[in-house]
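Asker: Quick one: this structure, given as structure tokens, is what I'll be asking you about.
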Amino acid sequence: MKGFKSNIEKDTLGNRNFRKVLYTGKNLQLVLMTLKPGEDIGLETHPHNDQFFRFESGKGKCVIDGNEYNVKEGDAILVPAGAKHNVLNIGLKTELKMYTIYGPPNHQDGTIRTTKEEAIKVDEKFDGKTSE
């Protein structure tokens, strides 16, 4: 296996998609995300997935089981499996750019959803196929 290498800051800042799966391993998955001004991920719960967020630009708010955290460039958030959570872009003019790591994977490898609407309409789940 060759693994995966990235300039994650550059890739995250350059991402224009709501969700873009970069790499899927057996136990972890790396995903880029961009939220437009005023957009949110949507309240969700992953019963079996811990989730890590790293914010590269913009201003946002993360809500985990009713606890609110303001986030900005350089911040990280960990969401434990089973917690209801949402990430909101509170910026009026700037996108909120982040990457997230799921453990175990949550989406099908190679998935790209350009908009939130597309992601909601085609709600795929991890099918066990990894990047390599």
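FYI, it's all coordinate maths here, none of it is from the lab. Not measured: the values here are computed from a predicted model. Cβ atoms come from the backbone with ideal geometry, glycine included; neighbour counts cover every protein chain shown.
Asker: Given a Förster distance of 41 Å, report the FRET efficiency between Glu132 and Leu92 from their Cβ-Cβ distance, rounded to the nearest 0.05.
Answerer: According to the calculation, E is roughly 0.50.
Asker: If you don't mind, another one. So what is the relative contact order for the chain, in percent, with contacts set as C-alpha pairs under 8 Å and at least six apart?
Answerer: 34 percent
Asker: Got a sec? Charge dipole of the chain, +1 on Cβ for Lys and Arg, -1 for Asp and Glu; which of Leu43, Val71, Ala81 is way out at the positive end?
Answerer: Ranked along the dipole, the leading option is Val71.
Asker: Right, another one. Label Glu124 and Asp65 with points 7 Å out from Cα along Cα→Cβ: what is the distance between them in nm?
Answerer: Each label point is offset 7 Å from its Cα along the Cβ direction, giving 3.2 nm.
Asker: Sum up the charges of everything whose Cβ sits under 13 Å from the Cβ of Tyr69, counting Lys and Arg as +1 and Asp and Glu as -1, but leave Tyr69 out.
Answerer: 0
Asker: If all Cα-Cα distances of the chain are sorted into 5 Å bins from 0 onward, what percent lands in each bin, rounded to whole numbers?
Answerer: Going out from 0 Å in 5 Å bins, the chain shows 2, 11, 21, 26, 23, 13, 4, 1, 0 percent.
Asker: Oh, and also: Per the helix-only calculation at 222 nm, which mean residue ellipticity applies to the chain, given -39500 (n - 2.57) for every DSSP H run of n ≥ 4 and division by its residues, nearest 500 deg cm²/dmol?
Answerer: -2500 deg cm²/dmol
Asker: If you don't mind, there's one more thing I want to ask. DSSP loop (so not H, G, I, E, B), at most 14 other Cβ within 10 Å: list which trypsin sites (Lys or Arg not before Pro) in the stretch 1-83 pass both filters.
Answerer: Passing both the DSSP loop test and the Cβ count: Lys2, Lys5, Arg16, Lys26.
Asker: If you don't mind, there's one more thing I want to ask. Between Phe4 and Asp50, 0.36 nm times their residue separation minus their Cα-Cα distance comes to what?
Answerer: Taking 0.36 nm per residue and subtracting the Cα distance, the gain is 14.5 nm.
Asker: Could you state the per residue volume, in Å³, of the convex hull enclosing the Cα atoms of the stretch 1-40?
Answerer: Taking the convex hull of the Cα positions in the stretch 1-40, it is 73 Å³ per residue.
Asker: What size of dipole, in debye to the nearest 20, comes out for the stretch 8-115 about its Cα centre when the only charges are +1 on Lys and Arg C-beta atoms and -1 on Asp and Glu C-beta atoms?
Answerer: Using only the charged Cβ atoms, the result is roughly 280 debye.
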